[in-house]
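The values are calculated or read from the model by the stated rules, or taken from the named source; none is laboratory data. Values in this document were obtained by computation on a predicted structure and should not be read as measured data. Positions of Cβ are generated from backbone atoms using ideal geometry, with glycine treated the same way; all protein chains shown enter the neighbour counts. To get the accessible areas, we keep the full protein, side chains included, count just its heavy atoms, and leave off ligands, DNA and RNA. Shrake-Rupley method; radii C 1.70, N 1.55, O 1.52, S 1.80 Å.
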Amino acid sequence: MKRLVLLSVASTLIFAAVVTAAVAVMLTTRPKPVTASLMANALPAADFSLRDTEGRSVTLSSLRGKPVLLTFGYTSCPDVCPVTLVKLAQAKAQLGPRGKDLQVLFITVDPDRDRPDVVRSYLAQYDPAFLGLIPTPEELEEVAKTYHVVYEKQPGSEAAGYTMAHTAATLVIDREGRVRMLFWPEMSPDEMASDLQTVLGL
Amino acid sequence: MSRLLGLVVAGMVMITACATPAGQVGGIRIENAWSRPAAAGSNGAVYFTLRNSGGADRLVAASTDVARASEIHKTSTEGGVARMTHVTGIDVPAGGSIELKPGSYHIMLIGLNRELRGGDKFSITLTFQSGASGTVTVEVKGNDPPPAY
Ligand SMILES: [Cu+2]
């Protein structure tokens, strides 16, 4: 009799455990809402080849296999660019080992003023693994046109010199080299990390 | 419930964060003045909240020793394109408040004389159209965790 009670208690416990596990799986596999702007048709990201801060030539296609976050900015930008970079760094850190092979590429839209060493130390404030690319004015024009990125010199005061108006989006490119979504500076690092998990499977 | 608790905790954190870098200029209280880490020679930005318990006024100038020049700027984003413009001032309505924050109004520090590191403090002097002027302490907030946008 005692043995029977024990058995039924055990089976109840096992049943409860199975149900809990199933619910947990359902909760984690249910697709989370995505905050980023999703690209309806994941088009292949057009290739480019630009010099990085160390003078090496970096080709986008050579990064195939790694998720790439491609963003545009300039180092004398004190307001919007730091927001983007600090959030990308935070999102990457949140993903832990899953975010390790994530490559952030920062293309300066101000090649006239942004010297390689300045770009390197600017990015290192956020994450030393972020890679700065310094196009020639012609290369910038081409890569910006390809990615529908707008940049424009804006006259400023004598003290400030000009500032750059620029598209503040970050393009999210998957391991297969397709543009999957756009991140905006308003998004939180949590939302970015969550979208990278949901859409890129990180 | 846990969300409510989170809000309460966030509110408490905000109150403590506001406690030090604050000042009073006439009827205007300057709260939570902060900045980001930035390299010497580059540009920085200062943010704060202005709470006005007096009559309408306008912030017209800012100055600090840490930069070659300070200007009042506004970032606006249209069609995903962010643009910074130099503005002549920021209206502070009577009994109202204005928050300078990333992606919006900021004091642009042009040509930093020294590096700004997380935890550093420096002072900034704000001048209003009424003629009132006062100095507050700006706290450099580290990048981890990122300040709210
Ligand atoms: Cu500015």
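Brief remarks on what is shown
- Taking a straight line from the alpha carbon of B:LYS101, these lysines sit under 25 Å away, with near neighbours fewer than eight places off in the same chain left out: A:LYS87, A:LYS92, A:LYS153, B:LYS74, B:LYS121, B:LYS141.
- Sequence-ordered 3J(HN,Hα) estimates for region A:54-71 from the Karplus curve with 6.51, -1.76 and 1.60 and θ = phi - 60° stand at 9, x, 7, 8, 10, 10, 4, 5, 6, 9, 3, x, 10, x, 10, 10, 9, 9 Hz, glycine and proline given as x.
- For A:PHE48, nonlocal amide neighbours, meaning residues 5 or more places apart or on other chains whose placed amide H falls under 5 Å from its own, are A:LEU60, A:SER61.
- Accessible surface of A:ASP110 - all protein chains present, 1.4 Å probe, nearest 10 Å²: 0
- Solvent-accessible area of region A:37-200 (1.4 angstrom probe, protein heavy atoms only): carbon and sulfur portion equals 53 percent.
- Net +/- balance of residues flanking A:ALA42 in space, Cβ distance below 12 Å, scoring K and R +1, D and E -1: +1
- Summarising the overall dimensions of region B:80-141 from its C-alpha atoms, the Rg and Dmax are 13.9, 38 angstrom.
- For A:PHE106, neighbours were defined as the other residues whose beta-carbon sits under 12 Å from its Cβ, and their charges (Lys and Arg +1, Asp and Glu -1) total -3.
- Taking the DSSP bridge list for region B:24-140 and keeping only pairs wholly inside it, about 95 percent are antiparallel.
- Within region B:16-149, all pairs of alpha-carbon atoms sorted by distance into 10 Å bins from zero give the percentages 13, 45, 35, 8.
- Cα shape, region B:67-114, gyration tensor, a/c 1.5 rule: oblate
- Drop in accessible area of at least 50 Å² in the complex versus isolated chain, residues of region A:101-136, 1.4 Å probe: A:GLN125
- Measuring nothing but how far apart in sequence close Cα pairs (under 8 Å, 6+ apart) lie, relative to its length, region B:24-140 scores a relative contact order of 36 percent.
- Heavy atoms of chains B and A lose about 2200 Å² of accessible surface on contact, summed over both sides with a 1.4 Å probe.
- Among the residues of A:159-166, the average count of other protein chain beta-carbon atoms within 10 Å of the residue beta-carbon is 6.
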